Amino acid sequence: MTIGIIGTGNVGATLGRRFAQAGYRVLFGVRDPHTEKVQQLIREAGENACTESIDELPRHADAIILATPHSALRAVIEQMGKLGSTILVDCTNPIAPGLRLAVGHSSSGAEQLARWVHDTPVVKAFNTMGWETMADPVFEDGSASMFLCGDDKKANQAVANMAAAIGFDPVITGPLQHARYLEPMAMMWIQMAMKEGFGRDIAFRLLRRNTEGEGE
């Protein structure tokens, strides 16, 4: 499987390195592949990673991770052009000034994205924790949960497999409409990490009680 990454900040760079190290072919979609930042990233990611122009990315990637600011998504989609069946993995959160959600209640940033790309499958994932957890999702009590949602079951499973490959406990929560809950969940992480003193090295985990055999 080939994974495209758009965005070379902390999230995009970290996920790109992790997926390349897990054996995926990784294509970083960049405007200028010759910058020192990009070249250093490719060296760190290893032999499974290389660069590709953003407009060519949909032709070569099975899934594209969108790790840009939410405000840049529309321009990125327009630059990529025809997407076909390439899975779009939306890691963004629609944050307005003052650390508040810009979209919510009756829609979500991910649903807005899905309307722009029509029949291309969109999966909301990798948005409810910091990049530090993406670099190492395994804590003393187990792996951090990766909550995701989307309307295409095959796309959901593909992204769940990607998350599991880098150490997460993937949790498919249901249809893309559930991004209306995952995006506020990301805001809770931001508030706890940035304002309430918990620090950035925190993550959410779904606990499951084993009830097999009860009542026998």
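Structure values in brief
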item: Point-to-point label distance, Lys82-Lys195, nm (Cα→Cβ direction, 7 Å offset); result: 4.6 nm
item: Dipole magnitude of the range 2-195, debye to nearest 20 (Cβ charges: Lys/Arg +1, Asp/Glu -1, about Cα centre); result: 320 debye
item: Shape of the chain, Cα gyration tensor, a/c cut at 1.5; result: rounded
item: Protection proxy ranking, peptides 55-61, 188-194, average beta carbon neighbours within 10 Å, highest first; result: 55-61, 188-194
item: Ordering of 31-40, 65-74, 135-144 by packing [mean C-beta count within 10 Å, highest first]; result: 65-74, 135-144, 31-40
item: Contact order relative to length of the range 58-216, as percent, for alpha carbon pairs under 8 angstrom and 6 or more apart; result: 22 percent
item: Beta bridges per DSSP with both ends in the chain, % antiparallel, nearest 5; result: 20 percent
item: The range 1-34 versus the range 167-197: alpha-carbon centroid distance in Å; result: 22 Å
item: Extent along principal axes [Cα atoms of the range 151-216; Å; largest to smallest]; result: 46, 33, 25
item: Estimated distance in nm for a label pair at Val117 and Asp32, the labels positioned 7 Å out from Cα along Cα-to-Cβ; result: 2.7 nm
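Readers should treat all values here as calculations from the given coordinates under stated rules, not as data from a laboratory. The model shown is predicted, which means the values in this text are computed figures rather than measured ones. Positions of Cβ are backbone-derived with ideal geometry, glycine not excepted, and every protein chain shown enters the neighbour counts.
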